[in-house]
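What follows is one structure encoded as structure tokens, with my remarks underneath.
The values are calculated or read from the model by the stated rules, or taken from the named source; none is laboratory data. In this text, all values refer to a predicted model and were calculated from it rather than measured experimentally. Methodologically, a virtual Cβ is constructed for each residue, glycine included, from the backbone with ideal geometry; neighbour enumeration extends over all protein chains shown.
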Amino acid sequence: MLLSVWRSIIINSWILFLYCYANNHFYKGYEVVRVLPKTNEHLQLIRHFEDNYGVDRWSEVLTINRDVKMSLPRKQAPKIKKLFKQHGIDVKILHNDLEKLIQKSDDISKQHKIRTKRLTVNIASSHLTGYLRYQEIVEFLKEQHRRSPPLRNFTSLFSIGSTHENRSIWTIRIGKPSARRNILIDCGIHAREFISPSTCLYMIDKLIGEVNNGRVSLLSVFNIYIIPLLNPDGYEYAQTERRMWRKNRALNGYYHNPDSKCIGVDLNRNFGYHWMENGASTNPCSETYAGPHQDSEPETRSLQRFIKQSSRHWDAYLTFHSYGQYWIYPWGFALHMPDDYIELNNKATIGSEALKRVNGTLYKIGSAANLLYESAGGSDDWAKGVGQIKYVYTVELRPSDDMNDEHAHFAFMLPETFIEPVGQETYVGVKGFLRSLITSRSQKSLSKNKY
């Protein structure tokens, strides 16, 4: 037993070394900056830099008089800063070496593991102390499935499809067989947002724990389907090669340009509902490349097929991202809102207030286009517009995008110390939201019975 523990520690240390070397080598000298666009011309200039200069915009918000955070490639940084200045945009350098910021997050995570003194080889607790790799997530799901009462059919584990690199997109169902209502949750559509899959894993663990402890009130009503990692190819690449990787791993030259060396499609711009109308790029090298055509990606089609071809009626769809601390609803493609936006807003308020009671974390609520900026091709808009799911939300997890927040500088690189507190508050928020759906239906039934 001791030998196997030490073997695992050595293997994990070697993986961590390779991860740090690969990521740090690539991002050495990248600058993280903040700019304040004051005109529509400034916004267009930022989009131009994203498409043509390799600028990676981190801020979800892109509006006039709102700070925008971005990273600048090492070789292009001087030219980009000069052009910003020429157009009257002040540039504030937040970090002059992205590599060091990644390393700082890693160092905090290592210290956290030492403090907690948990054995990371223990699959039951490893999801609380570290961002698991793809295969570790698969093993975690299998273990959770085994944990549930086998004779009562409270869980099922299956794949909804495969990726470009032939990884399965695993899904777990948790709920009483007699439950008639269905909730769909996904995480990890963007590769670098590690806190998202870890939050899904936290919720899976807690839900099955409640089953085993006989607390199944919500699971008597809802079957909850959770996809903890919708973009496993991109996630693995971010884990091992480039920490800030966002897209999937599609070979764009196959579709677009035989000479293109740029890889990957932004899956959250690829869904075929008002595709390419706003906030997306036709450039395969852009972080927001929407793909050669709508629904081009296997990950996109797998989720769509699961939503549309099943016989289930979906009560709600929640997709978890980071970062910013937003609980947002459609539409993203345009500033106008759905007819039921008041109800969507009310339910989001209930969930965010429940979340806040855990650690005091504040979330902003609103429609995606009005709160952030117009962007088409998202899974949330598709789920509402095509999938016809009533309650649809994108939840942007910690940290806040408020520059005054003490952890905002970590952005997508939130240290592993946050896995548990983010998981705790999000789980409570989701449960509060789900209870509100039960209350709403009960109230509607009572109202109908009056007449």
Look through the stretch 403-426, keep the residues that are farther than 18 Å from ARG192 by Cα and touching a residue at least 12 places away in the same chain (Cβ under 8 Å), and return whichever of them is surrounded by the most Cβ atoms within 10 Å (Cβ to Cβ). THR426
Long-range neighbours under 7 Å by Cβ, at least six apart or interchain, first residue more than 22 Å from HIS164 (Cα to Cα) and touching a residue at least 12 places away in the same chain (Cβ under 8 Å) within the stretch 293-322, second assigned to a loop (DSSP other than H, G, I, E, B) and among the acidic types (Asp, Glu): SER322/GLU193
Selection from the stretch 143-162 of residues that are of a type in the set (S, T, N, Q), modelled with pLDDT of 95 or more and at positive phi: none
Out of the helices (runs of 4 or more DSSP H) lying entirely within the stretch 29-132, which hold 1 or more residues that are at pLDDT 95 or above? 40-52, 77-86, 98-116
Can you find a residue that is surrounded by fewer than 17 Cβ atoms within 10 Å (Cβ to Cβ), not in a loop (DSSP other than H, G, I, E, B) and not aromatic (Phe, Trp, Tyr) anywhere in the stretch 306-318? yes
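Okay, residues lined up against (1) more than 21 Å from the chain's Cα centre (by Cα); (2) closer than 30 Å to SER302 by Cα; (3) at pLDDT below 95:
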{"position": "LEU355", "(1), (2), (3)": "no, no, no"}
{"position": "SER375", "(1), (2), (3)": "no, yes, no"}
{"position": "ASP380", "(1), (2), (3)": "no, yes, no"}
{"position": "THR394", "(1), (2), (3)": "no, yes, no"}
{"position": "SER400", "(1), (2), (3)": "no, no, no"}
{"position": "GLU416", "(1), (2), (3)": "no, yes, no"}
{"position": "ASN449", "(1), (2), (3)": "yes, no, yes"}
Given the criterion of a type in the set (A, V, I, L, M, F, W, C), closer than 26 Å to THR426 by Cβ and touching a Lys or Arg at 6+ places or on another chain (Cβ under 9 Å), identify the matching residue among LEU267, LEU303, LEU318. LEU267
For GLN135: the one exception among (1) farther than 22 Å from PRO415 by Cα; (2) out of contact with any Leu (no Cβ under 7 Å at 6 or more places or on another chain): (1)
Suppose we filter ASP67, ASP90, ASP51, ASP107 for residues that are without any contact (Cβ under 8 Å) to a residue 24 or more places away in the chain and either surrounded by fewer than 19 Cβ atoms within 10 Å (Cβ to Cβ) or charged (D, E, K, R) (or both); which single one remains? ASP107
Name the one entry in ASN182, ASN223 that is touching a Lys or Arg at 6+ places or on another chain (Cβ under 6 Å), closer than 18 Å to LEU141 by Cα and not in a helix (DSSP H, G or I). ASN223
Check the stretch 385-400 and report whether any residue there is assigned to a helix (DSSP H, G or I) and in contact (Cβ under 8 Å) with a residue 60 or more places away in the chain. yes
Checked the stretch 29-48 for anything of a type in the set (A, V, I, L, M, F, W, C) and under 20 Å from ASP97 (Cβ atoms); matches are VAL32, VAL33, VAL35
Pairs needed: first member in the stretch 355-369, surrounded by 22 or more Cβ atoms within 10 Å (Cβ to Cβ); second member anywhere, of a type in the set (Lys, Arg) and not in a loop (DSSP other than H, G, I, E, B); C-beta distance under 9 Å; at least 6 residues apart or different chains. TYR363/LYS356
The condition of being farther than 30 Å from SER296 by Cβ, among the polar types (S, T, N, Q), in a helix (DSSP H, G or I) and at pLDDT 95 or above holds, among THR426, THR361, THR439, only for THR426
Looking for something outside any loop (DSSP other than H, G, I, E, B), modelled with pLDDT of 95 or more and aromatic (Phe, Trp, Tyr) - is there at least one such residue anywhere in the stretch 227-250? yes
Can you confirm whether ILE342 is surrounded by fewer than 21 Cβ atoms within 10 Å (Cβ to Cβ), in a helix (DSSP H, G or I), on the phi < 0 side of the Ramachandran plot and touching a residue at least 60 places away in the same chain (Cβ under 8 Å)? no
